[in-house]
Amino acid sequence: MKKPRGLSAIKLSLLALSCVLLLSCGYGFAPQGEHIDKRIVNIYVAPFVNKTAEAEAENILRNAFIDQIIQGKRFKSVPTLEQADAIINASITRITTGVLSYRDNILAAEERMTLILEVGFREKDSGKTIWSSQNVVGTSDYKLQDNVNPRPARQQALSKLAKDTAENAFNLMMSDF
């Protein structure tokens with residue numbers, strides 16, 4: 001018995017229409033900073049302010065922001081303010097840790113580190129704010145080793161948290177959220 005030819009043509013048309021709709025929805029996977037003036041190319045990441053007791057957090061986080069600029073390819077990171085078209089400033093307002101779970105001997109087994117930043121991105125010459133946020137938050141959970149010195153695990157967690165938070169903040173900047 002012969003299949004009706006019209007039915008397969010309808011199925012093929014519906015499949016093609018579905019593909020077109022999915023591909024033309026306007027969704028982008030990575031924001032490219034289309035809202036930012038194309039003349040802005042060179043970005044200077046100013047030294048971050050650290051309002052916490054966590055030593056070296058400002059340097060770890062600043063380096064993470066510089067890495068995001070390099071990976072993003074939309075901008076170029078420059079080492080001096082004089083070379084810059086725009087500036088990223090940030091202030092670490094809070095870093096906290098909280099225990100998530102305990103071992104049998106009442107020592108912490110797992111903790112959560114939370115980082116809160118104020119970030120600004122502005123044009124150098126005009127001082128115009130391109131993007132800013134008073135509350136960029138990042139968290140990272142990490143396990144503590146069996147020994148009594150939690151410092152190495154916390155340092156590793158801070159490095160991961162800095163990378164993740166810088167990526168999040170950079171994506172927010174690029175998408176203008």
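Readers should treat all values here as calculations from the given coordinates under stated rules, not as data from a laboratory. What you see is a predicted model, and the numbers here were worked out from it, not measured in a lab. Note: ideal-geometry Cβ built from the backbone for every residue, glycine included; neighbour counts use all protein chains shown.
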### Rg to Rh, two decimals, where segment 83-164 supplies the alpha carbon set and Rh follows Kirkwood
1.18
### Message
Going by amide H atoms built from the backbone, whose H comes under 5 Å of the H on ILE130, apart from near neighbours?
### Response
PHE121, ARG122, GLU123
## Note on the structure
Here segment 131-144 yields Karplus 3J(HN,Hα) values (6.51, -1.76, 1.60; θ = phi - 60°; whole Hz; Gly and Pro given as x) of 7, 7, 8, 8, 8, 8, 10, x, 9, 8, 9, 8, 8, 8
### Summary
Violations at 29 Å Cα threshold for listed pairs LYS73/LYS143; LYS51/LYS73; LYS76/LYS143; LYS38/LYS160; LYS76/LYS128 -> LYS73/LYS143; LYS51/LYS73; LYS76/LYS143; LYS38/LYS160
### Task
Can you tell me the equivalent ellipsoid semi-axes for segment 31-175? Use √(5λ) from the Cα gyration tensor, largest first, whole Å.
34, 13, 12
### Label-to-label distance, nm, for residues given as TYR102 and ASP164 (7 Å Cα→Cβ offset)
2.5 nm
### Query
So if we plug the beta-carbon distance of ALA109 and GLN83 into 1/(1 + (r/R0)^6) with R0 = 35 Å, what FRET efficiency do we get, rounded to 0.05?
0.15
### Query
How far is it, in nm, from the label point at VAL41 to the one at LYS76 when both lie 7 Å from their Cα along the line to the Cβ?
0.6 nm
